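So the structure is just underneath, and the comments pick up after that.
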Amino acid sequence: MAQKRESESRKLLGRLRDAMAEDGDGQERLDKITRLIARSMQTEVCSIYLFRDAETLELCATEGLNAESVHQTRLRLGEGLVGLVAKKSKIINTADAPSEHGFRFMPETGEEIYSSFLGIPIQRLGEKLGVLVVQSKAVRLFSADELYALEVVAMVLAEMTELGAFLGEGEALSARHQQPVLLRGTTGQEGTAEGHVWLHEPRVVVTNVIAEDPDTESTRLNEAVDVLRVSVDKLLAGAAGGDGEQLQVLEAYRMFANSKGWMRRMEEDIENGLSAEAAVEKEQTQARRRLGQSNDAYLRERLQDLDDLSNRLLRILTGQGTQTGADLPVDPVLVARNIGPGDLLEYGRSLKGIVLEAGSVGSHAAIIARALAIPLVVHSEGITREALNGDHIMVDGDQGIVHLRPDDTVSAAFRDKMAMQAVAQERYSATRDKPAMTKCGIKIDLHMNAGLMADLPSLEGSGAEGVGLFRTELQFLVRNKMPQRSELSALYSRVLDAAGEKRVVFRTLDIGSDKVLTYMKPNDEPNPALGWRAIRVGLDKPGVMRMQLQALLRAAAGRDLTVMFPFVAQYSEYVAAKAEMDKAMERERRLGHPLPKTLKIGAMLETPSLAFAPQEFFEDVGFLSIGGNDLKQFFFAADRENERVRRRYDTLSTPFLSFLQNIIARCETSGTPLSFCGEDAGRPIEAACFAAIGMRSLSMRPASIGPVKHLLRRIDLGEIRKIIDACQENGEQNVRKPVMDYLKTVNL
Ligand code: PEP
Ligand code: MG
């Protein structure tokens with residue numbers, strides 16, 4: 001069978017190559033291709049449909065159907081069997097097309113007389129480009145070999161479409177990658193940016209799809225795989241300074257290389273007439289199709305790894321896209337499918353903006369982008385396909401919108417928005433050294449969240465009174481191995497130096513859930529957010545926690561130290577964690593090391609259970625900080641990482657506010673200092689409502705301090721409290737609207 005397959009598709013590809021080599025415009029090429037496919041497959045009809053726009057397919061060439069219907073017949077995505085092939089990215093092979101579900105009669109093409117139908121999606125790396133169809137009068141199902149041959153042809157067509165081989169001269173200007181494109185995604189970090197695209201991993205263009213000599217191609221493939229193997233081994237050995245991302249790639253490499261199937265399939269593709277790079281890409285495309293439709297999160301993650309691996313292989317084969325020596329454009333905006341924290345930190349603040357095709361709000365890249373205050377849009381579907389290096393790009397991190405190659409009107413409107421933001425920023429900086437004192441005379445303490453040394457300059461610039469949350473896990477996340485105590489202690493010491501008189505609340509390691517350390521054995525948990533994370537890991541494996549506590553104590557020597565434990569769900573966990581701190585203190589004392597001048601120990605309230613902890617807990621704990629991001633996800637049972645549900649429930653709903661009021665009341669009774677450090681603290685309306693119900697300390701991203709302070713200084717908390725009380729009494733679900741109505745009456 002392999003022999004037959006080989007002859008089918010090799011012959012076909014050979015003819016295709018000859019046809020493409022001849023002169024002629026795009027239409028002539030398409031016509032030639034349909035003709036020779038119909039002849040080779042011995043079918044009456046062969047047609048090529050290409051996308052006109054995202055929703056419309058157009059018959060672009062046909063052998064056998066009415067020639068006048070070319071460029072006239074159009075189908076919506078999902079319409080008829082052709083539309084279905086495109087919509088579902090699925091092959092349809094039927095001996096009786098008219099009785100097939102979804103069949104649509106097209107009189108202009110005379111289609112009804114054809115019984116057999118084989119439709120193959122034309123796509124490149126998951127991007128839908130069109131459909132290739134053969135039809136015949138004879139009632140027959142196309143064989144697996146015929147199917148394979150046409151799949152290979154469809155892939156060649158996809159490459160050619162991408163390369164613009166089917167465009168007429170006049171069409172060149174309307175070609176892809178020239179037009180303005182608006183892409184919608186999700187906010188990863190607010191802010192706006194204008195600049196030029198820098199592709200983290202530029203797309204590889206495969207120009208030689210069909211190859212003459214399978215032996216040469218097979219040798220090329222094997223040599224490239226060897227190079228890949230060596231480079232991945234080097235990464236593993238740390239010779240290339242490999243970070244966690246690269247280790248993951250290695251894992252993927254192992255998995256796919258050892259699956260044998262991958263190599264075998266590529267060898268088979270080469271036997272059938274493809275070049276080595278086309279074979280790599282064909283398998284990449286097919287795996288994307290298979291895995292992209294999978295509901296299994298693990299498999300989908302592997303897809304990303306396979307992508308990395310295939311891209312590396314393509315780069316080795318083509319010599320393209322290794323960016324060494326290339327210069328970043330002016331005002332670079334990084335565009336990538338995804339990026340690891342190490343790579344992102346290397347770019348650092350040189351980036352104006354970041355747009356990711358994948359990524360998630362809580363991903364490491366997002367955490368770092370936030371720490372560096374670089375506007376970030378995630379889930380920007382299609383950006384890596386649409387963008388070319390150097391393209392003009394505008395990133396609206398507030399709305400999660402990306403304008404690629406914007407026209408003049410869009411550019412002008414966007415620049416107006418940026419100018420307005422700059423004015424607002426200036427206004428905020430005017431009150432930088434003034435307190436967040438409300439009109440009714442209540443002072444709210446505003447602190448900032450941080451996690452990198454790079455954040456510390458914001459302490460001065462933002463007007464924050466201290467660091468209310470220092471996420472220590474970032475130091476663990478951006479490395480490829482467990483940091484040492486001495487490294488950590490030096491870093492914490494520098495943080496305290498930079499903060500000077502201002503207080504820094506260090507949160508102990510909060511890993512697990514979305515924050516995975518690549519150098520720790522992965523835990524396959526069904527619900528990681530509810531799983532083995534934060535203090536649970538710390539208490540079960542106290543080695544790391546002890547090392548970190550020692551590092552903190554040594555850094556603070558002679559200074560004030562404030563530490564809080566994340567994700568405490570019950571009193572006993574706090575007691576156990578505090579006992580670790582006591583032991584660490586005792587050890588330091590015994591060793592004769594200088595101790596901190598003062599030590600405050602607190603807990604994060606991130607699980608509803610802790611709000612109902614016994615009174616002793618509230619009396620015992622040094623302070624509490626509400627981790628609103630987690631608390632809210634557990635209160636509403638809505639995953640903070642899941643785009644489908646994460647915005648579904650409002651922080652300003654009366655039940656959530658009542659819940660917070662309960663916590664505030666308990667802390668008042670026990671005299672426990674309380675603050676709120678989730679993302680919501682940085683949203684001005686939310687912050688105003690929190691203050692109105694009695695919260696006196698908020699910790700937020702540095703960029704939010706200005707807007708929050710601006711609003712707080714103009715409002716009367718009593719008025720807002722009255723609105724909240726009334727909503728609660730009247731059984732309203734949410735206070736947002738009436739509070740916003742009140743704010744409209746305030747002179748902002
Ligand atoms: C929170 O949960 O609100 C919080 C501040 O912690 P993190 O976002 O790091 O989980
Ligand atoms: Mg949390």
Filter segment 504-540 down to residues that are surrounded by 15 or more Cβ atoms within 10 Å (Cβ to Cβ), touching a residue at least 60 places away in the same chain (Cβ under 8 Å) and more than 24 Å from residue 602 (Cα to Cα), then give me how many there are.
2
Within segment 649-662, identify whether any single residue is open to solvent by 10 Å² or more (accessible area, probe 1.4 Å), of a type outside the set (Gly, Ala, Ser) and not in a helix (DSSP H, G or I), and answer yes or no.
yes
Within segment 603-626, work out how many residues are assigned to a loop (DSSP other than H, G, I, E, B), surrounded by fewer than 23 Cβ atoms within 10 Å (Cβ to Cβ), within 16 Å of ligand 1 (Cβ to nearest atom) and not polar (S, T, N, Q).
1
Working only within segment 355-407, note down all residues that are within 12 Å of the chain's Cα centre (by Cα), at positive phi and open to solvent by 20 Å² or more (accessible area, probe 1.4 Å).
379
Exactly one of 79, 68, 127, 58 is open to solvent by 10 Å² or more (accessible area, probe 1.4 Å) and touching a strand residue (DSSP E or B) at 6+ places or on another chain (Cβ under 9 Å), and that residue is 79
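Any residue at all in segment 599-614 that's more than 16 Å from ligand 2 (Cβ to nearest atom), under 30 Å from residue 558 (Cα atoms) and either within 24 Å of the chain's Cα centre (by Cα) or polar (S, T, N, Q) (or both)?
Initially, segment 599-614 is screened for residues more than 16 Å from ligand 2 (Cβ to nearest atom), giving 599-601, 612-614.
Imposing the further condition that a residue be under 30 Å from residue 558 (Cα atoms) reduces the set to 599-601.
After this cut, where a residue has to be either within 24 Å of the chain's Cα centre (by Cα) or polar (S, T, N, Q) (or both) as well, the list is none.
No, because not a single residue in segment 599-614 is more than 16 Å from ligand 2 (Cβ to nearest atom), under 30 Å from residue 558 (Cα atoms) and either within 24 Å of the chain's Cα centre (by Cα) or polar (S, T, N, Q) (or both).
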Within segment 714-731, residues crowded, with 16+ Cβ neighbours inside 10 Å and part of a loop (DSSP other than H, G, I, E, B) come out as 715, 716
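Can you confirm whether residue 629 is on the phi < 0 side of the Ramachandran plot, within 16 Å of ligand 1 (Cβ to nearest atom), out of contact with any strand residue (DSSP E or B) (no Cβ under 7 Å at 6 or more places or on another chain) and part of a helix (DSSP H, G or I)? Break it down stepwise before answering.
On the way: on the phi < 0 side of the Ramachandran plot: yes; within 16 Å of ligand 1 (Cβ to nearest atom): yes; out of contact with any strand residue (DSSP E or B) (no Cβ under 7 Å at 6 or more places or on another chain): yes; part of a helix (DSSP H, G or I): yes.
Answer is yes for this residue.
Has segment 26-40 got any residue that is in the same structural domain as residue 140 (by TED's automatic domain parsing), of a type in the set (D, E, K, R) and outside any helix (DSSP H, G or I)?
Here is the first cut: in segment 26-40, the ones in the same structural domain as residue 140 (by TED's automatic domain parsing) are 26-40.
Okay, now just the ones that are also of a type in the set (D, E, K, R), so 28-29, 31-32, 35, 39.
This time we only want the ones that are outside any helix (DSSP H, G or I), so: none.
Looking through segment 26-40, none of the residues is in the same structural domain as residue 140 (by TED's automatic domain parsing), of a type in the set (D, E, K, R) and outside any helix (DSSP H, G or I).
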Condition broken by residue 443, with the remaining ones in (1) closer than 25 Å to residue 473 by Cβ; (2) open to solvent by 50 Å² or more (accessible area, probe 1.4 Å); (3) at pLDDT 90 or above satisfied
(1)
Among the residues of segment 430-477 satisfying the criterion of being part of a loop (DSSP other than H, G, I, E, B) and within 13 Å of ligand 1 (Cβ to nearest atom), which is farthest from residue 623 (Cα to Cα)?
451
Could you tell me which numbered condition residue 638 fails, if it satisfies all but one of (1) aliphatic (A, V, I, L, M); (2) within 16 Å of ligand 1 (Cβ to nearest atom); (3) part of a strand (DSSP E or B)?
(3)
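Quick check on my filter: what residues within segment 555-564 are of a type in the set (A, V, I, L, M) and within 16 Å of ligand 1 (Cβ to nearest atom)?
Keep residues of segment 555-564 that are of a type in the set (A, V, I, L, M), which gives 555-557, 561, 563-564.
Matches in segment 555-564: 563, 564.
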Look through segment 541-580, keep the residues that are open to solvent by 10 Å² or more (accessible area, probe 1.4 Å) and part of a loop (DSSP other than H, G, I, E, B), and return whichever of them is nearest to ligand 2 (Cβ to nearest atom).
569
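Have a look at 501, 487, 465, 460 and point out the one that is open to solvent by 30 Å² or more (accessible area, probe 1.4 Å), modelled with pLDDT under 90 and away from ligand 2 (no atom under 16 Å from the Cβ). Walk me through it before giving the result.
Working: 501 fails: modelled with pLDDT under 90; 487 fails: modelled with pLDDT under 90; 465 fails: modelled with pLDDT under 90.
Every option except 460 fails the conditions.
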Please go through segment 565-599 and give me each residue that is aromatic (Phe, Trp, Tyr) and within 16 Å of ligand 1 (Cβ to nearest atom), ordered by number.
565, 567
Of the residues in segment 676-703, those that are open to solvent by 10 Å² or more (accessible area, probe 1.4 Å), within 31 Å of the chain's Cα centre (by Cα) and over 14 Å from residue 629 (Cβ atoms) come to 684, 685, 702, 703
Would you check which residues across segment 196-218 are surrounded by fewer than 22 Cβ atoms within 10 Å (Cβ to Cβ), of a type in the set (Asp, Glu) and more than 30 Å from residue 387 (Cβ to Cβ) and list them?
212, 213, 215
Selection count where residues are modelled with pLDDT of 95 or more and either in contact with a Phe, Trp or Tyr (Cβ under 8 Å, 6 or more places away or on another chain) or hydroxyl-bearing (Ser, Thr, Tyr) (or both), scope segment 685-704
5
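Name every residue in segment 684-711 that is in a loop (DSSP other than H, G, I, E, B) and either more than 13 Å from ligand 1 (Cβ to nearest atom) or assigned by TED's automatic domain parsing to the domain that holds residue 190 (or both), in order of residue number. Explain how you work it out, then say what you get.
Of all residues in segment 684-711, those in a loop (DSSP other than H, G, I, E, B) come to 693-696, 701.
If the condition is that a residue be in a loop (DSSP other than H, G, I, E, B) and either more than 13 Å from ligand 1 (Cβ to nearest atom) or assigned by TED's automatic domain parsing to the domain that holds residue 190 (or both), then 693, 694, 695, 696 are the ones that fit.
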Any idea how many residues of segment 83-105 are part of a helix (DSSP H, G or I) and touching a strand residue (DSSP E or B) at 6+ places or on another chain (Cβ under 8 Å)?
5
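The values are calculated or read from the model by the stated rules, or taken from the named source; none is laboratory data. Please read all numbers here as calculations on a predicted model, not as lab measurements. Every residue, glycine among them, receives a Cβ derived from its backbone with ideal geometry; neighbour counts consider all protein chains shown. Quick note on the areas: whole protein, heavy atoms, side chains included, nothing else; ligands and nucleic acids left out. Shrake-Rupley method; radii C 1.70, N 1.55, O 1.52, S 1.80 Å.
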